[in-house]
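Working notes, beginning with the structure itself.
Every read-out reported here was derived from the displayed coordinates using simple, explicitly stated rules and does not represent laboratory data. This structure is a prediction, so every number in the text was calculated from the model and none was measured.
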Amino acid sequence: MAIADMLPTMEAKDLANLRANAQRLQDGPSAGPAAKQQAAAAELLPLIDAELAERAANAPPPPPKAPRKTPVRKPKLAAKTGGDKTGADKTAAA
């Protein structure tokens, strides 16, 4: 089975890794036995890119973000005033 035939069944992580390796091979020196690998990489890159584009087009849209819940704030309690009508502070009477 050729690598091109396996592209639709590959995991996304493996496909990304294969693309990075093919790109690295294509960008490397073309002397010696690497020339054959470069030719194979040059053939695979458009197929890999097409598979990645198809997956991106068929991917479900991301779920909408839930609205941020604002915490319920308790109302501030009014300061209690004593029943003393003279205005004298009871705590300083000692």
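Subtracting the Cα-Cα distance from 0.36 nm times the residue separation, let me have the gained length for ALA78 to ASP14 in nm, one decimal.
Values: separation 64, 0.36 × 64 = 23.04 nm, distance 6.42 nm.
This chain segment gains 16.6 nm when fully extended.
Taking a ≥ b ≥ c as the square roots of the Cα gyration tensor eigenvalues, with a/c under 1.5 meaning rounded and otherwise prolate when a/b beats b/c, else oblate, which class fits segment 3-58?
Numbers: a/c = 2.51, a/b = 2.38, b/c = 1.06.
Judged from the Cα gyration tensor, segment 3-58 comes out prolate (a/c at least 1.5, a/b above b/c).
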